[in-house]
1. Which pairs do you get when a residue that is hydroxyl-bearing (Ser, Thr, Tyr), found in region 839-853, comes within reach of a residue that is at pLDDT below 95 and not in a strand (DSSP E or B), reach meaning Cβ atoms under 8 angstrom, with the pair 6+ apart or on two chains?
2. So which strands (runs of 3 or more DSSP E) are wholly in region 545-607 and hold at least 2 residues that are open to solvent by less than 40 Å² (accessible area, probe 1.4 Å)?
3. Of the numbered conditions (1) in contact with a Phe, Trp or Tyr (Cβ under 7 Å, 6 or more places away or on another chain); (2) hydrophobic (A, V, I, L, M, F, W, C); (3) more than 16 Å from ligand 1 (Cβ to nearest atom); (4) under 30 Å from PRO251 (Cα atoms), LEU402 fails exactly one; give the number of that condition.
4. Hey, can you tell me all the residues within region 711-735 that are over 15 Å from LEU669 (Cα atoms) and either touching a Lys or Arg at 6+ places or on another chain (Cβ under 8 Å) or in a helix (DSSP H, G or I) (or both)?
5. Report the residue count in region 605-629 for those that are modelled with pLDDT of 90 or more and among the acidic types (Asp, Glu).
6. Looking at GLU778, GLU808, GLU768, GLU786 in this structure, which one is within 30 Å of PRO686 (Cα to Cα), surrounded by 13 or more Cβ atoms within 10 Å (Cβ to Cβ) and touching a helix residue (DSSP H, G or I) at 6+ places or on another chain (Cβ under 9 Å)?
7. When you check LEU32 against the structure, is it in a loop (DSSP other than H, G, I, E, B) and without any contact (Cβ under 8 Å) to a residue 60 or more places away in the chain, yes or no?
8. For region 508-531, which residues satisfy the criterion of being open to solvent by less than 20 Å² (accessible area, probe 1.4 Å), in a loop (DSSP other than H, G, I, E, B) and either small (Gly, Ala, Ser) or over 21 Å from SER64 (Cβ atoms) (or both)?
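The values are calculated or read from the model by the stated rules, or taken from the named source; none is laboratory data. Not measured: the values here are computed from a predicted model. When we count neighbours, we look across all protein chains shown, and the Cβ atoms used for this are built from the backbone with ideal geometry, even at glycine. Accessible surface is based on the protein model in full, side chains and every heavy atom, while ligands, DNA and RNA are left aside. Shrake-Rupley method; radii C 1.70, N 1.55, O 1.52, S 1.80 Å.
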Amino acid sequence: MSSQEYNPTKIEDLIQKFWKANDSFKAEPSELKEKFYCLSMFPYPSGKLHMGHVRNYTIGDVISRFKRMQGFNVLQPMGWDAFGLPAENAAIENNVSPKEWTNQNIKSMKIQLDALGLSYDWSREINTSSPDYFKWEQWFFIQLLKGGLVERKKSEVNWDPVDKTVLANEQVIDGKGWRSGAEIERKKINQYFLKITSYAEELLAGLEKLDSWPNQVKLMQKNWIGKSKGLSFHFDIKNNKGVLQVFTTRPDTIFGTTYCAIALDHPLSNSLKTKNASINRFINENQTNKKTEAAIAKQEKIGIDTGLKAIHPITKDEIPIWIANFVLMEYGSGAVMCVPGHDQRDYEFAKKYKLPILQVIETLAGENIDEHALEAKGTLINSGEYNGLDSEQAFSQISKDLAAYNNAKIEINFRLRDWGISRQRYWGCPIPIIHCEECGQVPVAETDLPVELPDIKEDISKGMSLSSFDEWKKTKCPNCNKDAVRETDTFDTFFESSWYAARFASQPNDSMLGKDADYWLPVDHYIGGIEHAILHLLYARFFNLLLRDQKLINSSEPFKRLLTQGMVLSDAFFTKDLNGNPEWVNKDFVTGDDGQLKLNDGREVFKDGMSKMSKSKLNGIDPNIMIEKYGADTVRLYMMFTSPPEQSLEWSDTAIEGSYRFLKKIWNLISSRKIYSKNAPEFFEPDELMLRQKSHQTLKKVTNDFAKRNSFNTAIASVMELLNAVPEPFKEDEANDAQQFCLDEVIRFTLKMLSPITPHICLYLWKEYSDSDGNDFESNWPAVDEDFLKLDDFQLIIQVNGKVRGKEQVAIDWEQPEIEQLAKANENVKKILANAPIKKVIYVKEKLINFVI
Ligand code: ANZ
Ligand code: ZN
């Protein structure tokens with residue numbers, strides 16, 4: 001028997017052609033099989049696949065392939081999240097159109113994906129920058145507009161005063177424009193918002209039902225939605241200067257209010273600004289550095305006293321009103337009653353400005369407010385007639401009492417803001433609106449959709465926006481037919497990724513979604529990075545509700561089960577430049593052993609340890625090079641074997657070698673053999689039975705690891721163990737039928753169990769081994785014979801006339817005739833029994849057999 005060397009390039013190419021020729025992964029709805037829709041987050045077509053993609057897509061593919069083998073009707077599509085800023089940057093730098101650049105990248109990335117052997121139904125490929133796709137989101141936007149779910153209002157953007165263009169947040173570096181270096185200004189312009197807040201309650205409640213989502217992700221979404229129950233009421237401002245509306249979640253602490261604070265851009269601040277120079281200066285100095293909510297929470301708390309006094313609604317005390325940088329205009333009413341005794345932020349502010357701090361809640365015994373605020377709930381003290389109530393009772397009582405005079409209303413507030421979808425960019429989906437002087441904003445007529453992007457002719461070196469395409473902008477009003485202009489903003493690119501899962505399921509030409517959508521939806525298993533835990537997943541859930549309410553689909557949640565894969569890490573190295581600053585170096589240029597690492601030029605190199613593969617640290621491993629060197633199966637095996645999918649994966653050159661060796665071992669075991677084609681033997685020796693038992697146990701464990709636990713690394717380890725358990729004689733040419741049969745079972749199971757992970761080598765070997773066309777190899781999964789799982793050995797005592805004459809290991813499920821046969825065959829017993837007829841046989845189950853002669 002001669003065997004060829006394992007040549008992954010050759011067999012992977014052959015098998016990929018086989019799949020293509022057979023259209024193996026094409027998905028059609030069928031009522032005969034249960035559907036399974038598996039989706040991995042589609043990539044931005046940057047042009048180059050990185051290891052994070054490889055991991056993400058391998059996981060999705062393993063799940064898809066396993067489900068297909070289990071008999072499910074599997075849909076696994078792939079496409080491109082094709083709009084976005086890098087295409088514009090490339091256009092500016094290399095003078096190619098974003099469209100050309102993107103389409104080139106798609107072409108080359110598709111080749112890279114195919115090289116991994118991913119089982120995609122490419123007939124459903126989506127390119128979100130294609131008019132066939134974005135036409136429908138324009139149409140949908142118009143439906144939402146008609147349904148009152150779109151609002152146009154002024155909102156701030158980053159304005160580059162030199163390049164005269166709006167910048168995305170990523171283009172603002174340390175407060176300066178990325179190209180011009182100019183100090184960025186905040187400017188208010190009209191933008192569109194989708195009313196995601198109308199769905200806040202349902203988005204929150206929906207999380208409860210997602211029992212196959214990671215808790216961490218659900219918690220992040222919950223916090224982002226940020227529901228809180230509180231009391232909204234007003235303070236009168238002294239000298240009839242109006243009222244100050246506040247929102248508090250802790251009305252029980254109202255007696256501890258020692259000052260109030262308002263946002264820098266609160267209407268009251270705006271009016272004081274014009275009258276008071278120092279307030280004006282304070283606001284101007286602090287408003288320029290507008291930051292995210294998280295940054296605001298961290299920044300130093302500063303403020304200025306307005307001189308105005310609020311009247312405490314119960315005690316009638318006069319309380320100073322401050323302007324403070326920690327109050328957000330966008331939340332509640334933009335004004336707060338400050339309780340430094342029980343709110344840490346208020347506490348720090350009060351310490352700084354020497355405002356009084358009062359304890360009005362008794363929490364744990366002995367705790368006092370000398371060091372920090374006591375934020376826990378408890379029993380009211382120093383609170384007049386409310387003393388002795390607990391926080392909950394006080395909440396309702398104070399709310400009731402304030403209702404009469406101070407407009408107090410219990411209010412549910414959400415941290416969630418409406419979704420600003422306007423982007424002042426070129427490479428995005430045009431918002432289908434026409435602005436007419438007579439009629440205002442008018443949606444583009446549905447028959448005129450899609451609104452396509454103009455080709456690039458103008459000078460684009462300063463930045464790109466549709467507003468500079470003068471010819472394109474000019475149009476007629478669909479209403480009155482007078483001259484009008486197009487909206488020049490494009491959608492946030494999260495728009496496209498919010499409904500692609502549905503469009504994969506159903507792609508009619510003449511509507512957004514067809515009836516197939518409900519066959520496939522929801523996605524049964526969604527796989528992607530944790531960085532999308534909040535925005536993408538929330539927007540996609542929101543869109544799903546919108547689609548449902550437009551009667552385009554039935555389901556309420558888009559993704560039934562979610563897996564967020566861990567990061568791929570690798571060692572990073574650095575040397576030091578002349579000034580002793582670290583300078584990252586690629587590991588390929590590093591020589592020597594740990595502790596004595598060097599560059600070719602002799603400079604010392606230091607190891608930074610494992611960190612996320614990134615361009616800046618030069619510690620990325622190129623998937624293409626790995627595939628060329630070892631083949632896709634090895635890369636896939638390595639990805640799945642090295643760590644559980646949710647955890648980070650630490651790249652190791654020696655470990656990937658190990659994966660390669662394992663596949664070579666499988667190759668060497670199987671490629672020179674042929675399937676066992678004789679009748680099944682009737683009798684098995686104990687060691688043979690043990691192997692069969694191991695085969696079935698392994699199959700059972702692997703099935704469970706795949707189906708229930710997404711635990712691929714343990715599944716692979718079990719297969720390795722099974723292969724190691726095959727006794728050497730079973731593999732030799734002289735092996736008897738039973739041994740061959742048992743080995744054959746090991747081989748069949750192994751090829752099946754590894755097929756989702758290393759599909760090329762498994763299918764190739766199966767075709768060779770079984771001399772078959774391999775057509776249905778990937779559509780069925782072997783069945784576990786439960787009988788084998790009950791198996792175990794016991795030691796059989798063999799007696800003759802009550803005297804022990806021998807012992808044998810026997811499998812538990814053996815029946816008496818087999819056991820008798822085995823006992824009689826024992827060398828010692830055979831001799832004694834040779835010349836005497838057996839009068840009687842006594843068998844004690846799983847213990848002993850006694851021959852009476
Ligand atoms: C008094 C108080 C006492 C508060 C106390 C908290 C603890 P959540 O739970 O996130 O909804 N707040 C209200 N509007 C604000 C705004 N525009 N900017 C900054 N902070 C604002 O938070 C609600 C609490 O955040 C409110 O309850 C208010 O402070 C503050 F022991 O009122 B609280
Ligand atoms: Zn008009």
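1. TYR843/GLN816; TYR843/ILE819; TYR843/GLU820
2. Details: elements: 562-565, 568-576, 582-585.
The qualifying strands (runs of 3 or more DSSP E) are 562-565, 568-576.
3. If we test LEU402 against (1) in contact with a Phe, Trp or Tyr (Cβ under 7 Å, 6 or more places away or on another chain); (2) hydrophobic (A, V, I, L, M, F, W, C); (3) more than 16 Å from ligand 1 (Cβ to nearest atom); (4) under 30 Å from PRO251 (Cα atoms), just (3) comes out false.
4. Start the filter on region 711-735 by keeping residues that are over 15 Å from LEU669 (Cα atoms), which leaves 711-718, 734.
Result: PHE712, ASN713, THR714, ALA715, ILE716, ALA717, SER718.
5. The qualifying residues number 2.
6. Numbers: GLU778 fails: within 30 Å of PRO686 (Cα to Cα); GLU768 fails: within 30 Å of PRO686 (Cα to Cα); GLU786 fails: surrounded by 13 or more Cβ atoms within 10 Å (Cβ to Cβ).
The match here is GLU808.
7. Working: in a loop (DSSP other than H, G, I, E, B): yes; without any contact (Cβ under 8 Å) to a residue 60 or more places away in the chain: yes.
Yes.
8. MET512, LEU513
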